[in-house]
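Engineer: Before I ask anything, let me first share the structure, which is written out below as structure tokens.
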Amino acid sequence: MAVFGLPPWGIDAALALAWALILAGTLYRYRIGTRTRRATDGWAAVSLVWFAYSLNRLGDYTTGALDVALDAVAIVSLVAATALGVRWWRTRNTDE
């Protein structure tokens, strides 16, 4: 089913791009000093999880080496998201 005239693979590609841009924006805001390390860890973890999900969805439309590459990047993204999520969890304030 096409949404906004995009085929399903186009929607999945747009989602992957959107989450990559959110991750880039988060890292940029941390770099210029307008976001704390804790907030960056949380946003980056969430962004990487959804980025990995989007790449996994894109893998349904590819074959061969591209499919393997997308799966590898998705797995690395999930591992990084888990590490950032654990770091975020450990630094959270118990009063929250």
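Engineer: To the nearest 10 degrees, how steeply does helix 37-58 sit against the main Cα axis of the chain, on a 0 to 90 scale?
Structural biologist: Taking Cα atoms only, the helix is inclined about 10 degrees.
Engineer: Let me ask another. Across the range 31-91, how large is the tail of the calculated P(r) beyond 13 Å, expressed as a percent of all Cα pairs? Each step should come with its number before you reach the end.
Structural biologist: Working: 1131 of 1830 pairs.
When all Cα pairs of the range 31-91 are counted, 62 percent exceed 13 Å.
Engineer: Along the positive direction of the dipole of the range 8-90 (beta-carbon charges: Lys, Arg +1; Asp, Glu -1; about the Cα centre), which of S54, A72, V86 reaches farthest?
Structural biologist: Of S54, A72, V86, it is V86.
Engineer: Can you tell me the 0 to 90 degree angle between the C-alpha axis of helix 64-91 and the longest principal axis of the chain, rounded to 10?
Structural biologist: Approximately 20 degrees, to the nearest ten.
Any read-out appearing in this document is the output of simple, stated calculations on the displayed coordinates, not a laboratory observation. Please read these numbers as outputs of a predicted model, since none were measured by experiment. Neighbour counts run over all protein chains shown; Cβ positions are idealised from the backbone, glycine included.
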